[in-house]
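The values are calculated or read from the model by the stated rules, or taken from the named source; none is laboratory data. The structure presented is a predicted model; accordingly, all values stated were derived computationally and were not measured. Please note: Cβ atoms are built from the backbone with ideal geometry, for glycine as well, and neighbour counts cover all protein chains shown. Accessible surface areas use protein heavy atoms only, side chains included; no ligands, DNA or RNA. Shrake-Rupley method; radii C 1.70, N 1.55, O 1.52, S 1.80 Å.
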Amino acid sequence: MPNTPLSLTVDGLTIPQLGFGTWQLEPADARRMVAEALRIGYRHIDTAWIYRNEAAVGDGIRDSGVAREDIWLTTKIWTAHFEHDALLRQAEESAASLGFTPDLLLLHWPKTSPTFAETLGALNAAKDAGLTRSIGLSNFPSGQFREAQRLSPARLITNQVEYHPYLSLKTLRATAADIGSSITAWSPLAQGKIADDAVIGEIARAHGKSTGQVTLRWLVQQGVIAIPRTLKPERAAENFDIWDFELADEEMARIHALARPDGRLGDWLDKDFKWDKD
Ligand SMILES: NC(=O)c1ccc[n+]([C@@H]2O[C@H](COP(=O)([O-])OP(=O)(O)OC[C@H]3O[C@@H](n4cnc5c(N)ncnc54)[C@H](OP(=O)(O)O)[C@@H]3O)[C@@H](O)[C@H]2O)c1
């Protein structure tokens with residue numbers, strides 16, 4: 001099997017399927033680990049205004065020596081900035097902090113006010129003003145995902161949501177496929193919980209791989225983008241080493257069967273919205 005990292009093409013844009021996440025990384029760690037991840041071979045970095053590390057992520061990219069055009073860079077608009085002018089101001093601030101125009105700008109969590117029409121209008125205006133190459137969503141259930149796309153002239157190229165073996169996401173994955181978008185999995189390793197999983201452990205042993213590697217392979221093999229995070233360079237390398245093996249359909253199904261109703265780890269969804277049932 002060729003040892004080549006996989007990517008996904010959405011709306012004509014090519015997105016590396018394995019990215020590096022930076023939530024909860026203090027600026028010094030974010031800078032160090034982003035540079036390390038890029039040296040390992042990652043070409044996709046995920047940050048957000050609310051992580052307070054955009055400037056450090058930009059420094060890490062510059063430290064790495066990897067050319068900016070070879071990297072996919074995502075950041076997010078925080079919910080306090082969803083009014084039209086505030087959104088454009090944050091888009092400018094994020095680009096200035098990073099020192100780069102991001103490839104993708106997401107709405108971090110859906111909220112009822114201001115209206116979706118205002119916020120999606122502003123997000124499109126940010127794209128039209130050259131403050132990002134593309135736009136998308138994060139944490140939008142199916143109904144709101146469809147509504148947002150209906151209101152957005154530009155394609156919303158991903159919906160970044162919690163996804164790992166303990167969640168099904170069947171409906172949301174079908175919605176993304178139906179409207180020509182994609183799913184990006186946050187907490188793809190269930191925040192480390194996969195390390196103790198007996199089923200994933202058995203599959204991992206059969207392939208001579210780790211539970212983390214099998215979990216990430218399960219995600220990318222579905223056509224999902226995954227953005228694991230670690231503070232440890234050796235784990236960053238381990239998590240990136242998933243291109244030389246393939247899971248059989250039966251192994252994919254066994255991992256899908258681990259989904260459970262209480263599998264969600266991080267739920268900050270506005271109470272006026274509801275997650276899909278499965
Ligand atoms: N859009 C959103 O609302 C949202 C929300 C949450 C996260 N995110 C994004 O998604 C990224 C990833 O999510 P996450 O950080 O919550 O969780 P994650 O990547 O599922 O898990 C990270 C945790 O797992 C450990 N870990 C890393 N590699 C491992 C391996 N191979 N085996 C066992 N444990 C391992 C790490 O510990 P060590 O550091 O000790 O290795 C860390 O504690 C974030 O960094 C962020 O960029 C987005």
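A few remarks follow.
- Residue in the range 93-116 that is farthest from Arg31 (Cα to Cα), counting only those that are open to solvent by less than 20 Å² (accessible area, probe 1.4 Å), touching a residue at least 40 places away in the same chain (Cβ under 8 Å) and of a type outside the set (A, V, I, L, M, F, W, C): Pro110
- Pick from the range 153-164, criterion more than 14 Å from Val224 (Cα to Cα) and in a loop (DSSP other than H, G, I, E, B), ranking: farthest from the ligand (Cβ to nearest atom): Pro153
- Among the residues of the range 252-278, the ones that are of a type in the set (Gly, Ala, Ser) and within 10 Å of the ligand (Cβ to nearest atom) come to 1 in all.
- Filtered residue count, the range 118-143, keeping only those that are of a type in the set (S, T, N, Q) and buried (at least 22 other Cβ atoms within 10 Å of the Cβ): 4
- Neighbours by Cβ (under 8 Å, 6+ apart or cross-chain): first from the range 18-33, assigned to a helix (DSSP H, G or I); second aliphatic (A, V, I, L, M) and open to solvent by 60 Å² or more (accessible area, probe 1.4 Å): Asp29/Leu231; Met33/Leu231
- Among the numbered conditions (1) touching a residue at least 60 places away in the same chain (Cβ under 8 Å); (2) more than 13 Å from the ligand (Cβ to nearest atom), the only one that His44 does not meet is (2).
- Going through (1) open to solvent by less than 50 Å² (accessible area, probe 1.4 Å); (2) within 13 Å of the ligand (Cβ to nearest atom); (3) free of Cβ contacts under 8 Å to residues at least 60 places away in the same chain; (4) not small (Gly, Ala, Ser) one by one, Ile71 falls short only on (2).
- Scanning the range 74-86 for residues that are closer than 19 Å to Ser134 by Cβ and surrounded by fewer than 24 Cβ atoms within 10 Å (Cβ to Cβ) turns up Trp78, His81.
- Residues of the range 47-66 satisfying the condition of being within 13 Å of the ligand (Cβ to nearest atom) and of a type in the set (Val, Ile, Thr): Thr47, Ile50, Val57
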